[in-house]
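The values are calculated or read from the model by the stated rules, or taken from the named source; none is laboratory data. Source: prediction; values computed, not measured. Here the Cβ positions follow ideal geometry from the backbone for every residue, glycine too, while neighbour counts run over all protein chains shown.
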Amino acid sequence: MLDTRRDTKAEIGAAALRLFAERGYAAVSVRDIAERVGIRPSAIYNHFPGKQDILVGLLESHMERLLAALARGVPGTGDPAARLDAFVRLHVGYHIRRPDEVFIAYMELRSLEPENLARIKTLRRRYEAALRAILEDGRATGRFAIDEPFVATMGLIAQITGVTNWYREGGRLGEAEVVELYVTQARRAVGAAMPQTQDREDTCSTDR
């Protein structure tokens with residue numbers, strides 16, 4: 001007999017992701033998730049101890065995929081401006097393609113129990129540290145005009161994450177155009193020189 005537990009677990013996660021994005025974590029029950037998947041509520045507990053564990057799994061997976069994409073797509077050394085471009089392309093492209101994940105990754109931090117919140121914050125700090133290192137290098141080499149790298153890091157992440165608030169597929173601007181606009185805005189935000197030509201190659205290597 002084939003072991004279908006892995007598929008069922010993935011279906012539970014996908015259903016929960018959509019429901020949490022649609023209704024909010026607090027308004028979704030285990031029964032709601034089970035009905036969306038088409039299984040009995042008791043079957044959920046074969047894969048997750050409870051609803052909180054489903055949320056934690058979704059948030060951890062989101063951050064782990066983002067960190068893996070960061071490691072593949074953004075150099076740890078070299079020209080700070082080029083690294084900033086790569087970071088912004090990765091971040092904006094990733095977030096455009098995963099609006100539900102991004103929504104709950106920010107809005108449902110409030111729903112995490114303290115121990116689980118600490119786990120997710122640790123992953124988020126690793127990601128933020130990568131951008132901060134780029135900004136610190138740019139400041140140290142005179143490429144960027146920023147006063148406080150930590151504040152610049154938090155402000156820039158908020159700015160480029162905001163794309164999910166308005167971007168919709170099929171709109172006036174395509175994904176590639178939006179990504180490059182954010183790259184330009186990020187350079188301006190840190191006082192970096194504009195490149196002679198915009199490299200429009202999509203360096204975001206994440207899966208759609």
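Data overview
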read-out: Given (1) over 20 Å from Asp7 (Cα atoms); (2) touching a residue at least 40 places away in the same chain (Cβ under 8 Å); (3) in a loop (DSSP other than H, G, I, E, B); (4) not polar (S, T, N, Q), number of the condition Pro75 does not satisfy; value: (2)
read-out: Sole residue being in a loop (DSSP other than H, G, I, E, B), in contact (Cβ under 8 Å) with a residue 24 or more places away in the chain and among the hydrophobic types (A, V, I, L, M, F, W, C), chosen from Ile39, Ile12, Ile54; value: Ile39
read-out: Filtered residue count, the stretch 100-115, keeping only those that are surrounded by fewer than 16 Cβ atoms within 10 Å (Cβ to Cβ) and closer than 17 Å to Ile160 by Cα; value: 2
read-out: Arg65 being of a type in the set (Lys, Arg), closer than 27 Å to Leu117 by Cα and either assigned by TED's automatic domain parsing to the domain that holds Arg125 or surrounded by 19 or more Cβ atoms within 10 Å (Cβ to Cβ) (or both); value: yes
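Let's see how each residue does on (1) part of a helix (DSSP H, G or I); (2) loosely packed, with under 13 Cβ neighbours inside 10 Å:
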site: Leu117; (1), (2): yes, no
site: Asp147; (1), (2): no, yes
site: Ala158; (1), (2): yes, yes
site: Thr164; (1), (2): yes, no
